[in-house]
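Everything below concerns the one structure shown next.
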Amino acid sequence: MSPTPPRLFDRGLVRKHLDRAAPAFENADFLHRRAAEDAVERLEAIMRDFPLAVDLSARRGAFGQALARSDARPRVGLVIEADLSHAMLKGRSGPRLVADEERLPFAAGGLDLAISTFGLHWTNDVVGALIQIRRALRPDGLFIGAFLGGSTLFELRRSLIDAEAELTGGAGSRVSPFADAADAAGLLQRAGFALPVADVDRVTVRYAHPLKLLADLRQMGETNALADRHPRRLSRAVLGRAFELYVERFAEADGRVPATFEILTLTGWAPHASQQQPLKPGSAKMRLAEALGVEENPLPREED
């Protein structure tokens, strides 16, 4: 029996944040739209059909909207929109499903395509969620997922930690942790995906004041949902000092402050016999020197 993963996030609080953000989510959905449009661009380069797809973390439908404008649309059949938040799915037509990425309801081998944009970084067991997605895909089914990486909001994190340490003598967890870009492809491999690929897209958004960044995070539903949150609420004094440090350290010449978002995009395929396989060691038909058209010069042997 595999060990239970640690509970990093309060999934009920994640849902609450998304429900709160839903009515005006479009006012701050620029990252979600960017990830959705990137997923559609990847589909445009794949010349095959996907009769049944699911859009996990559909939010307000950015992937479906981007797909509708794309040349890839005729190759993608029925798209099921799924989300942890019922409020995010409310008011749209088409098949919709409230679903938790940690407990997916799909039958094994039933999907041809699975898309996930900005949902996996709120799961307590990313590899476990990916395993469920892989099992739900038919052999040679495709997964494209985007989530926030480790460099995300490093300016805000440093400012909050230093401000709280300065004023209270200690600092708690105020911003959720994110996966490291170096480990991204390994997550797919551990989940059993074939041909894993990981890409990094770093986005810098400039704000007139850090307070506007916090407003956007709230409107995205991306505020702190750690299960082990700091027992004390963030005071106005600490927050004010954090804003001062943010401006002092990171403000640009025009006075605006940058906020870094790192988007990790994963692409992987459910294993199938038709896929390209790595050659076994020693099975090459030609020596490397011969393939490169150069003379091979063996290294001299060391004498005992």
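Values as computed for the structure displayed
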{"item": "Test: residue in the range 106-119 that is more than 15 Å from T267 (Cα to Cα) and among the charged types (D, E, K, R)", "result": "no"}
{"item": "Which listed residue, of R96, R92, is under 23 Å from G221 (Cα atoms), in contact with a strand residue (DSSP E or B) (Cβ under 8 Å, 6 or more places away or on another chain) and loosely packed, with under 14 Cβ neighbours inside 10 Å", "result": "R92"}
{"item": "Listing of helices (runs of 4 or more DSSP H) fully contained in the range 176-282 that carry 1 or more residues being more than 18 Å from the chain's Cα centre (by Cα) and at pLDDT 90 or above", "result": "210-220, 236-250"}
{"item": "Selected residue [touching a Lys or Arg at 6+ places or on another chain (Cβ under 8 Å) and open to solvent by less than 70 Å² (accessible area, probe 1.4 Å)] from A242, A237, A227", "result": "A227"}
{"item": "Helices (runs of 4 or more DSSP H) fully within the range 85-173 counting 3 or more residues that are more than 16 Å from L187 (Cβ to Cβ) and either in contact (Cβ under 8 Å) with a residue 40 or more places away in the chain or not β-branched (V, I, T) (or both)", "result": "86-89, 154-168"}
{"item": "Of all residues making up the range 86-118, the number that are more than 21 Å from the chain's Cα centre (by Cα) and β-branched (V, I, T)", "result": "0"}
{"item": "Residue check for L153: open to solvent by less than 40 Å² (accessible area, probe 1.4 Å), at positive phi and either modelled with pLDDT of 95 or more or out of contact with any Gly (no Cβ under 8 Å at 6 or more places or on another chain) (or both)", "result": "yes"}
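The values are calculated or read from the model by the stated rules, or taken from the named source; none is laboratory data. Quantities reported herein were computed from a predicted structural model and do not represent experimental measurements. Methodologically, a virtual Cβ is constructed for each residue, glycine included, from the backbone with ideal geometry; neighbour enumeration extends over all protein chains shown. Surface accessibility is based on the protein's heavy atoms, side chains included, excluding ligands, DNA and RNA. Shrake-Rupley method; radii C 1.70, N 1.55, O 1.52, S 1.80 Å.
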